[in-house]
Every structure is written in structure tokens, then in C-alpha cells.
1. Please state which of the following conditions TYR67 fails to meet, knowing it meets all the rest: (1) under 30 Å from SER95 (Cβ atoms); (2) modelled with pLDDT under 80; (3) surrounded by 16 or more Cβ atoms within 10 Å (Cβ to Cβ); (4) not hydrophobic (A, V, I, L, M, F, W, C).
2. Which residues, taken from region 83-105, are assigned to a strand (DSSP E or B) and surrounded by 16 or more Cβ atoms within 10 Å (Cβ to Cβ)?
3. Filter region 106-153 down to residues that are surrounded by fewer than 20 Cβ atoms within 10 Å (Cβ to Cβ) and small (Gly, Ala, Ser) and give me whichever is modelled with the highest pLDDT.
4. Need at least 1 residues that are among the small types (Gly, Ala, Ser) and without any contact (Cβ under 8 Å) to a residue 24 or more places away in the chain per element, so show me which strands (runs of 3 or more DSSP E) inside region 147-201 make the cut, counting only ones lying wholly within it.
5. Looking at region 113-141, I want the residues that are in contact (Cβ under 8 Å) with a residue 60 or more places away in the chain and farther than 14 Å from ILE152 by Cα and have a partner that is buried (at least 16 other Cβ atoms within 10 Å of the Cβ) and of a type in the set (Asp, Glu) with Cβ atoms under 6 Å, at least 6 apart or on another chain. Which pairs are those?
6. Taking the residues in region 158-184 that are closer than 23 Å to LEU106 by Cβ and surrounded by fewer than 13 Cβ atoms within 10 Å (Cβ to Cβ) as candidates, determine which candidate is nearest to the chain's Cα centre (by Cα).
7. Applying the selection to region 7-52, what residues are surrounded by 13 or more Cβ atoms within 10 Å (Cβ to Cβ) and either aromatic (Phe, Trp, Tyr) or at pLDDT 75 or above (or both)?
Amino acid sequence: MDDVDCRGNETHIFDCPHNGFESHNCYHEEDASVVCLHDHCSSNPCEQSASCVQDDYGYFCYCPESYTGQNCELQNNGNTSCSRNYYDSTGNITSPFYPEGYGARLECNYQLKIWTAKKITLIMQDFVTEPDQDFLIFGEGPEVIYEGPNVISITGNLTSLPLIERTYTLANNQVFLTFISDSIITPPRGYFHITYTAGKQ
């Protein structure tokens, strides 16, 4: 095929105008391939007038500071230490009031949305929670889920573990983290500090 002139609304490459099969003056250095992607942003999935970005995994929304979630549907009531979005390729995630201890009855949602990434590595630099009562749950993708084969749940004191045992790499450009504390905080109160790095390979 030569002089292929697709407009973007075709359902198949053969629907694009071209010079006909086996009619060309091409050489192999002019070879090209086509990848067809569904335009997830065309349905305007992002709430709060957030911008939608199409990527290799689907899409993500650039949420205003006071909102988080896959489609910016979760409001953090201005408490960005408990729930927020991260778009930079490296950064720090900390529990509310860190390095002081966190409070009771928390459900904090953190969303990593890094357009150019192929993987994201999390390192639990400082992680102490009340064992089997307060949990950090995380996994690949934008949607917060609490259990499943690719969901990781951690609790207790990880700070003293070897670095390799508190390092997690997820093969996606979006990662969700949800921290939940119970209704009673037993002294000493817990805390966490997580660093993340996005990789392109």
C-alpha cells in the first residue's frame, strides 16, 4: 500500500484511501506500521473539568489539588497530606502529620499518574503501623481495589527489614495507594515515608 491517507475515523486500515494493493514505489526504508488505539478521552471521563491524557494503558486525569481518584471523583476536603495525586517522575509520599504519628479513622488515597512511565518503584523508607490494624494497600492501575492477585497489603514495622524486602516495582504508569487506620490508635502512633521512582523501561 502506498500514499495511505487515513483521517482517524476509519475502522480498518483498508478503509483509508490508498493507491491500491501492490501499487507502490516504496523501498523497505519507508516501511511503517500502525497501532490503532481506542480514544478513552473522547467520552470526557474526567470530572471537575480535569484534563484527560491518553496513554499506552488507557487514560488518566490531571485532577485539581482537592480531588483524586481515577476520574477525580474523590474529594480530599483540602487535606492533601491524606489524599493527593502525584505526576512527577520521583517523589515522596508520607502519612498525615509525618514525622509525627497519624490519627484514627483515616482512609487516605494516593494516586501516582506518570504519563511517560512503564514501571513505578516504591521504597518503604520509614514504615511503622499498628500491626494487623492499620494497613497500606496498593496496586497497579488507577482504580482503588482492596483485594486481588495484584494487590499488596502491608502492615506493621517494615523499617528494620532489608531494603529489598521493602521495595516494590509495579509494571504500570499508574499506581494507587490507600492507607486505612482503625478507630483506636494505640501509642506510639505510627507513620510512613515512601519514596517512588518512575522508569521508562
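The values are calculated or read from the model by the stated rules, or taken from the named source; none is laboratory data. In this text, all values refer to a predicted model and were calculated from it rather than measured experimentally. No Cβ is skipped: glycine too gets one built from the backbone with ideal geometry, and neighbour counts run over all protein chains shown.
1. Only one criterion is unmet by TYR67, namely (2).
2. ARG84, ASN85, TYR86, ILE93, THR94
3. If we take residues in region 106-153 being surrounded by fewer than 20 Cβ atoms within 10 Å (Cβ to Cβ) and small (Gly, Ala, Ser), then SER153 is modelled with the highest pLDDT.
4. On the way: elements: 151-154, 167-170, 174-180, 191-199.
Here the list reads 151-154.
5. Partner pairs satisfying both residue conditions: TRP115/ASP55.
6. It comes out as SER183.
7. Passing the criteria: CYS16, ASN19, HIS40, CYS41, PRO45, CYS46, GLU47, GLN48, ALA50, CYS52.
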